[in-house]
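Right, one structure below, let's go through it.
The values are calculated or read from the model by the stated rules, or taken from the named source; none is laboratory data. What you are looking at is a predicted structure, and each value in this text was computed from that prediction instead of being measured. All Cβ positions, glycine included, derive from the backbone under ideal geometry; neighbour counts span all protein chains shown.
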């Protein structure tokens, strides 16, 4: 089902994506976010450029106006709790002056469907998810998911896979770099390969999603700025540093 693949991820800082954004020729993306069911405005819907801190919330009738640089390469993400996340490639779509965006209602994740054959405890599954999603480096250990109750985790002993969904965007506090990250987790799966000793060896980890960054403090501390500079220069921290790569597949030597 899965093929081993060694992917060396050189992770950039959040502001690396801003290198693609010119300081000139600013324009706006504006429009409405509506429910596909009844065309009513979705108040509070998040509209942001993936992997950046450029974002706004839709108003009472779903209206939004987002500053944008014409040279931006980031995808436009529209999300709201209870709806499917929509991704728009603004390079292909063009800078329409008035977007009308319809979001489809999302299907609820039914926990009871998965209870019968799941042999792992919640603590074990959470430990694996944290290790593979955030990492286990000193920098990663300073990251914390604030709403882990939104996670739905299932271990399938037949397929030897751990799959994870989230009922809402994950809020991740990155105390190493001074960011709060809102992460829309689309897919997450860990494929295990039982070793001769009976341990569950991690063979493949795959996940994808979209991120929005905001400062923890109004003014970043010197420590945070120094850590960001170190990461920007090429430190290979875990994906808690930055999800500039939207899809991740890696091999791992972790075991359980």
How do the pairs read when you match residues in the range 114-125 that are over 17 Å from residue 192 (Cα atoms) with residues anywhere that are at pLDDT 85 or above, using Cβ under 6 Å and keeping only pairs 6 or more apart or on different chains? 114/154
Number of the condition not met by residue 184 [criteria: (1) crowded, with 18+ Cβ neighbours inside 10 Å; (2) touching a helix residue (DSSP H, G or I) at 6+ places or on another chain (Cβ under 6 Å)]: (2)
Name every residue in the range 137-162 that is in contact with a helix residue (DSSP H, G or I) (Cβ under 9 Å, 6 or more places away or on another chain) and farther than 27 Å from residue 53 by Cβ, in order of residue number. 152, 153, 154, 155, 156, 162
Across the range 149-158, the tally of residues that are touching a residue at least 24 places away in the same chain (Cβ under 8 Å), surrounded by fewer than 17 Cβ atoms within 10 Å (Cβ to Cβ) and farther than 12 Å from residue 188 by Cβ stands at 3
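Out of all the residues in the range 173-194, which are closer than 19 Å to residue 219 by Cβ and in contact with a strand residue (DSSP E or B) (Cβ under 8 Å, 6 or more places away or on another chain)?
Here is the first cut: in the range 173-194, the residues closer than 19 Å to residue 219 by Cβ are 173-181.
173, 174, 175, 176, 178, 179, 180, 181, listed by residue number.
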Sole residue being over 16 Å from residue 37 (Cβ atoms), touching a helix residue (DSSP H, G or I) at 6+ places or on another chain (Cβ under 9 Å) and either surrounded by 18 or more Cβ atoms within 10 Å (Cβ to Cβ) or modelled with pLDDT of 75 or more (or both), chosen from 69, 60: 69
Cβ pairs under 9 Å, 6+ apart or interchain, first in the range 208-219 and surrounded by fewer than 12 Cβ atoms within 10 Å (Cβ to Cβ), second at pLDDT 90 or above, ordered by first then second residue, are 217/178; 217/224
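Residues checked against (1) at pLDDT 85 or above; (2) farther than 16 Å from residue 67 by Cα:
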| position | (1), (2) |
| --- | --- |
| 16 | no, yes |
| 22 | no, no |
| 25 | no, no |
| 32 | yes, no |
| 41 | yes, yes |
| 50 | yes, no |
Just one of (1) modelled with pLDDT of 75 or more; (2) touching a helix residue (DSSP H, G or I) at 6+ places or on another chain (Cβ under 6 Å) trips up residue 240, so point out which. (1)
Could we say that residue 146 is surrounded by fewer than 16 Cβ atoms within 10 Å (Cβ to Cβ) and at pLDDT 95 or above here? yes
Which condition from (1) modelled with pLDDT of 90 or more; (2) surrounded by fewer than 17 Cβ atoms within 10 Å (Cβ to Cβ); (3) out of contact with any helix residue (DSSP H, G or I) (no Cβ under 8 Å at 6 or more places or on another chain) is the one that residue 126 breaks? (3)
Residues that are farther than 21 Å from residue 123 by Cβ, in contact (Cβ under 8 Å) with a residue 12 or more places away in the chain and part of a loop (DSSP other than H, G, I, E, B), drawn from the range 160-196: 168, 169, 175, 176, 177, 178, 195
